[in-house]
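A.B. asks: Pasting a structure here, questions to come.
The values are calculated or read from the model by the stated rules, or taken from the named source; none is laboratory data. All figures in this text were calculated on a predicted structure; none of them were measured in a lab. When we count neighbours, we look across all protein chains shown, and the Cβ atoms used for this are built from the backbone with ideal geometry, even at glycine. Areas reflect the complete protein model, heavy atoms only, side chains present, ligands, DNA and RNA absent. Shrake-Rupley method; radii C 1.70, N 1.55, O 1.52, S 1.80 Å.
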Amino acid sequence: MKDLIDKTLLKESIEFKGSISELKEQIRFKKERKFKLDWVSDNEFKFLSKLSVGTIMLNYNPGYFDGIKGYAKITELNNGNTKIELTTRLRIEMYFIGILSVIFILIFLFSNEKMPVWILFLFPLMIIWFWIVYRFQEKRLFEKVIKYLKTELKTQYNTV
């Protein structure tokens, strides 16, 4: 199951010419971005899209849900450069739709109601539809972050 989930996630890698502290300093001074950046720990930050479609996002309540986002982990390499690994995680909405589909099908199986055949296809199609919508937005966010890292911070772009 973990392999299947890993295959659905986006992963990119960028190499910065400098140390972690130099990277953090440049990020701190280059505030003009087309995305929001929040530090999670000393070596991890998340980047969030300013526009998010189809997500459970509550405005002015950043502690509950975020919109389209990705995560970055930075590690220092032996050659003095810094590796920035960009990844996504499976969205909570996908879990929600998956659990709802199982519950809905179980209710119909154990009740006396006849289930229309189209219902069997509805939830898998919803999962695929939302995955495509999220993936498109995640790719656009990754493009913005990579462009920012390449142009503003002058990094080398390497795909994992």
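A.B. asks: Go through segment 20-51 and count every residue that is more than 13 Å from Thr82 (Cα to Cα), surrounded by 12 or more Cβ atoms within 10 Å (Cβ to Cβ) and of a type in the set (Lys, Arg).
C.D. replies: 6
A.B. asks: Is it true that Thr159 is modelled with pLDDT under 85, among the hydroxyl-bearing types (Ser, Thr, Tyr) and closer than 18 Å to Leu37 by Cα?
C.D. replies: no
A.B. asks: Which count do you get for residues in segment 53-83 that are at pLDDT 80 or above, surrounded by 13 or more Cβ atoms within 10 Å (Cβ to Cβ) and at positive phi?
C.D. replies: Qualifying residue count, segment 53-83: 0.
A.B. asks: Moving on. Hey, among Leu37, Leu23, Leu48, Leu86, which residue is in contact with a strand residue (DSSP E or B) (Cβ under 7 Å, 6 or more places away or on another chain), in a helix (DSSP H, G or I) and modelled with pLDDT of 85 or more?
C.D. replies: From the options Leu37, Leu23, Leu48, Leu86, the qualifying one is Leu23.
A.B. asks: For residues in segment 89-115 being open to solvent by 50 Å² or more (accessible area, probe 1.4 Å) and not in a helix (DSSP H, G or I), which is nearest to Glu22 (Cα to Cα)?
C.D. replies: Step by step, filter segment 89-115, then rank; the result is Arg89.
A.B. asks: Taking segment 95-128 as the region of interest, how many residues are among the hydroxyl-bearing types (Ser, Thr, Tyr) and touching a helix residue (DSSP H, G or I) at 6+ places or on another chain (Cβ under 8 Å)?
C.D. replies: Qualifying residue count, segment 95-128: 1.
A.B. asks: Name the single residue, out of those in segment 130-156 being more than 27 Å from Arg28 (Cβ to Cβ) and at pLDDT below 85, that is most open to solvent (accessible area, probe 1.4 Å).
C.D. replies: Checking each candidate, the answer is Trp131.
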